[in-house]
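The block underneath contains the structure these notes are about, expressed in structure tokens.
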Amino acid sequence: MKRLTNTYPAKTIVKWLWQSSSDNRLQAILNTIIGLLQVAVSLASVWAVQRAVDIASHNREGDVVSAVLVMTIFVACSFALNISSVWVRNILGIKAQNRMQRRMLGRVLHSEWQGRESMHSGDVLNRLEQDVNNVVNFVAETLPNAVSVTMLFFGAFIYLFTMDHTLALIIIVMFPVFLVLSKVYMGKMRRLTREVRESDSLVQSILQESVQNRILVKTLESEDEIVDRLSDQHTVLREKVVRKTRFSVISNLIVNVGFAVGYLVAFGWSALRMSVGTLSYGGMTAFLQLVNKIQNPARNLSRLVPQFVSVFTAAERLMLFEDIPLEEQGDPVEIEGPCGVKVNNVSFAYADTPDSLIIDNLSFDFKPGTCTAIVGETGAGKTTLLRMILALIRPDSGNVYIYNKVEEVIVSPLTRCNITYVPQGNTMLSGSIRDNLLLGNVDATEAQMYEALDEACAEFVRELPDGLDTEMTEKGGGLSEGQAQRICIARALLRNSPLMILDEATSALDTETEKRLLENILKENQRTVIFITHRPVVLKYCDFSLNLERLRNK
């Protein structure tokens, strides 16, 4: 798995966060407005309490009942604003998170396939879930909250300054020191947070692989070894969390001691003034409330530092997705069938492994309307050749073309519309049979689905109690391997493409079913078919064969 480092400067991350906030700005604006209204109500409540106390203690003229009523109005306003804040956070928040998650998943799915994945799928999921949530919450919740607490801080300071210049300045003098210390704090916390996130991704990777391959784990009797491996990674994660927590606790303790000293100074000062008759009891109450309203925002602002650290780490992890180049985008390039595939002097080697030439100067013509078997030992390049035809990878030299009688086009992501590919193994997704078939053709009618199922020798679907609406779990759970394989072929047939590639796609079928299926697919030479196979019965139905030999790199 690719390790995360400080790849991006802070300015670049801030710019990315701003650009990524476009879908969240309505929520951010509403949260900012609500926050500012809460600041106004909070400061007005201080005035209302001071006024009520002074009236009750006969230091001011007025009616106690009306003073209490004014306080009640401000309390009610505070409740209403809190309810509005919860509503905005829960309703708009989930929409914002969903939008960003869809955008990031789309980026992952449309990016180039690199030949060897640099990120574990568990790490990718961890980023799509936790890091997306972190970024959205920061943009839509944390930043608007920072605006409101900053305004509360300055509003309370100005209010206190009008009451007592000296006390206000004493309370505020500690903040330049805080700003200097926060820079040091942020650097170390960023490193510790990044280490925790990386370790958490490794934990998720182990969990995901273990659940996906639990049958393998059982048959190897490796349950305890897998649990021990998870335990070891949990220990690493715990140690990193402890280091981060220890640093955070000590830092917060220092800050809180400073705030406590400030509060005691304010209390002593106001008590002294009250004892000499220069401050009323209501004034002292207002003093203490204002000191709290200065210190609480300051304390909240201090908590923004780890939140900034966390979102910078999350943004870096998501920005790595955008470092992977996108595949060529544009309108599909359709070639009228029948069409073939021409491989012209192609060579390919995986770049991250030295001396790993897989295919060397290969040429072959998969002629229109023919059936060709690709055979060869493991490592001979069969799968690599298919990936080049599908434009998942590009040859280091030479070209692959799709052609018919009138045109010839170099393969690209835009030519995949001409190809139907059935990968090796079970590729069913959880959901209904209908859901899986519609992936082949979203506009397919029920009649077309059953026609494709019949062609794929999957007539058994008609006999199921729920038919096309039969629900399956992951990897087609509830069906046999042979049944799942035939539905996968039916899904491919619904694409109705002139080129069809089957990678050991009949490996789970009995001989008789395999013969019927091959006859259905190859009847009337409707399409050009390419098989990767080791099964003799398939070779009998093929017009040509391409035998690839493993290169012996020196």
With the structure loaded, tell me whether LEU518 is crowded, with 22+ Cβ neighbours inside 10 Å, within 13 Å of CYS457 (Cβ to Cβ), in contact with a Phe, Trp or Tyr (Cβ under 6 Å, 6 or more places away or on another chain) and among the hydrophobic types (A, V, I, L, M, F, W, C) or whether it fails that test. yes
Can we say ARG51 is modelled with pLDDT under 80, among the basic types (Lys, Arg) and part of a helix (DSSP H, G or I)? no
Checking the condition surrounded by fewer than 17 Cβ atoms within 10 Å (Cβ to Cβ), closer than 30 Å to GLU336 by Cβ and at pLDDT 90 or above, which residue from ALA452, ALA447 passes? ALA447
Subset of the range 390-415, residues in a helix (DSSP H, G or I) and surrounded by fewer than 21 Cβ atoms within 10 Å (Cβ to Cβ), comes to PRO413, LEU414
Does the range 461-481 hold any residues that are surrounded by fewer than 20 Cβ atoms within 10 Å (Cβ to Cβ) and either in contact with a Cys (Cβ under 7 Å, 6 or more places away or on another chain) or under 14 Å from ALA508 (Cβ atoms) (or both), and which are they? LYS475, SER480, GLU481
Which listed residue, of SER480, SER412, is out of contact with any His (no Cβ under 9 Å at 6 or more places or on another chain), among the hydroxyl-bearing types (Ser, Thr, Tyr) and more than 27 Å from ILE389 (Cβ to Cβ): SER480
Report the residue count in the range 328-343 for those that are surrounded by 16 or more Cβ atoms within 10 Å (Cβ to Cβ) and not small (Gly, Ala, Ser). 7
Neighbours by Cβ (under 7 Å, 6+ apart or cross-chain): first from the range 309-320, in a helix (DSSP H, G or I); second open to solvent by less than 10 Å² (accessible area, probe 1.4 Å) and of a type in the set (D, E, K, R): ALA314/ASP131; ARG317/ARG127; ARG317/ASP131; LEU318/ARG127; LEU318/ASP131
Quick one: would you say SER497 is touching a residue at least 60 places away in the same chain (Cβ under 8 Å) and polar (S, T, N, Q)? yes
If I filter the range 175-234 down to residues being outside any helix (DSSP H, G or I) and open to solvent by 90 Å² or more (accessible area, probe 1.4 Å), which single residue comes out as modelled with the highest pLDDT? GLU221
Looking only at the range 489-511, decide whether some residue is closer than 26 Å to THR378 by Cβ, hydroxyl-bearing (Ser, Thr, Tyr) and either open to solvent by 30 Å² or more (accessible area, probe 1.4 Å) or at pLDDT 85 or above (or both). yes
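This table checks each residue for (1) open to solvent by 40 Å² or more (accessible area, probe 1.4 Å); (2) modelled with pLDDT of 80 or more; (3) in contact with a strand residue (DSSP E or B) (Cβ under 9 Å, 6 or more places away or on another chain).
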position	(1), (2), (3)
LEU43	no, yes, no
LEU69	yes, yes, no
CYS77	yes, yes, no
ASN90	yes, no, no
MET100	no, yes, no
ARG103	yes, yes, no
GLU112	yes, no, yes
Looking at (1) open to solvent by less than 70 Å² (accessible area, probe 1.4 Å); (2) farther than 19 Å from SER20 by Cα; (3) in contact with a helix residue (DSSP H, G or I) (Cβ under 9 Å, 6 or more places away or on another chain), find the lone condition where MET151 falls short. (1)
Exception for THR378 within (1) farther than 30 Å from ARG107 by Cβ; (2) at pLDDT 85 or above falls at (2)
Options GLY425, GLY376; residue that is closer than 30 Å to GLU512 by Cα, under 29 Å from the mean Cα position of the chain (by Cα) and open to solvent by less than 50 Å² (accessible area, probe 1.4 Å): GLY425
Hey, can you tell me all the residues within the range 162-174 that are modelled with pLDDT of 60 or more and either part of a helix (DSSP H, G or I) or open to solvent by 20 Å² or more (accessible area, probe 1.4 Å) (or both)? THR162, MET163, HIS165, THR166, LEU167, ALA168, LEU169, ILE170, ILE171, ILE172, VAL173
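The values are calculated or read from the model by the stated rules, or taken from the named source; none is laboratory data. Model, not experiment: these values are computed from the prediction. In this analysis, Cβ positions are derived from the backbone assuming ideal geometry, glycine residues included, and neighbour counts consider all displayed protein chains. Side chains are part of the model used for accessible areas, which takes the heavy atoms of the whole protein and leaves out ligands, DNA and RNA. Shrake-Rupley method; radii C 1.70, N 1.55, O 1.52, S 1.80 Å.
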